[in-house]
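Below: the structure, in structure tokens.
Each value in this text was obtained by applying a stated rule to the coordinates, not by laboratory testing. All values reported here derive from a predicted model rather than from experimental measurement. Every residue, glycine as well, gets a Cβ built from its backbone with ideal geometry; the counts of neighbours run over all protein chains shown.
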Amino acid sequence: MEMKPIPLCEEEGELSYRDTPQDDEERSSSDDDDEIHVEIAGLQQPTLQDPALKRRSYLPYILIGVAMIFVLAEVIRGGKDASFLHNARTAEDPTSHSSSTTTTTTEEPSDRLTIEFTVANLRTNSQNCTQVGKMLQCIPQHNNSTNKFRIRLHEDWSPLGVQRFQELTESNFWDDARIFRVVPNFVSQFGISSYPEIQEQWDALGNIPDDKVIGSNTLGTVTFATAGPNTRTTQIFINTANNYFLDKQGFSPIGEVLPAGEGYGGIEVVNEMYQKYGESPDQSNIKREGLAYLEKKFPLLSYFVTAEFV
């Protein structure tokens, strides 16, 4: 709002102004220099030398107005700069938006406790073999649901054993691994890589300490094989019978074969693993020669095609 002086009086076409009210005594004693005369006819404007303008200067308001304009300009410019910086960051990292979108649309990860195994050379399909040179090659029916079974791990049973099994699965250790020891109504054993260099890497990591035996070695449970206390490495067996006596020997189960479900079988798939070789395959030779030894001497051994978390 524009500030205006307070009118004092109107005499013979002239207006006299003052900033603040004065009593009559002060009015009579005022000097002629303290009045501003305005000629109505000529519309003469006050000059900067007029005392009233000296006492009531508009300069502070002008300065405040200029300052506000300057501040507003800075705010507007700051908003544009922020927008520019945001766009610049987006240009530098074009994946920033897509990454957030991917995060929200990606499926929930597996809990890493259920693993699905696909098995080749089961007894039900081992007849699909042909002689190629000096080797007998068997064609697995990979897409047959009866070639698959699942293992469910139990961390509360054997935390260290579960961790090692998860690590082996993540590294694809089980691919092409033979089930080299099958004793009906006792165990089916595996866990030596068909590739010597891979087995050497895991052996170099050393043994894992024993877990306390919490679960029992009942039909379908999965347990690390050992050669004595604290000697667990990579070898596993599946109990194909109730082997309670193993509990007292320190064999701590880490999981169990799940009952059959949609698209996969249960313990009946394990029972179809080729068993005519019994315990003939030599573990030392498997570690040293790998597939060359296995395919030459024991071509019908069942083996894992894949093992994946589900």
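Placing one equal scatterer on every Cα of segment 162-303 and applying the Debye formula, the log10 ratio I(q)/I(0) at q = 0.16 Å⁻¹ is -0.88. Which net charge results for the neighbourhood of residue 166, defined as the other residues with beta-carbon distances under 15 angstrom from its beta-carbon, given Lys and Arg at +1 and Asp and Glu at -1? Result for the local shell: -3. D by Stokes-Einstein for segment 139-244, Kirkwood Rh over Cα pairs, 10 °C, 1.306 mPa s: 107 µm²/s.
If you plug the beta carbon distance of residue 160 and residue 262 into 1/(1 + (r/R0)^6) with R0 = 45 Å, you get a FRET efficiency near 0.90. A simple count of charges around residue 303, restricted to other residues whose Cβ falls under 11 Å of its Cβ and scoring Lys, Arg +1 and Asp, Glu -1, yields -2. Take the Cα of residue 67, step 7 Å toward its Cβ, do the same at residue 287, and the gap between the two points is 8.5 nm. Checked against a 31 Å cut-off, the cross-linked pairs 212/276; 148/297; 212/296; 148/296; 148/287 give Cα-Cα distances beyond that limit for 212/276; 212/296.
Charged neighbours of residue 286, selected by a Cβ distance under 14 Å, balance to -2 (K, R count +1; D, E count -1).
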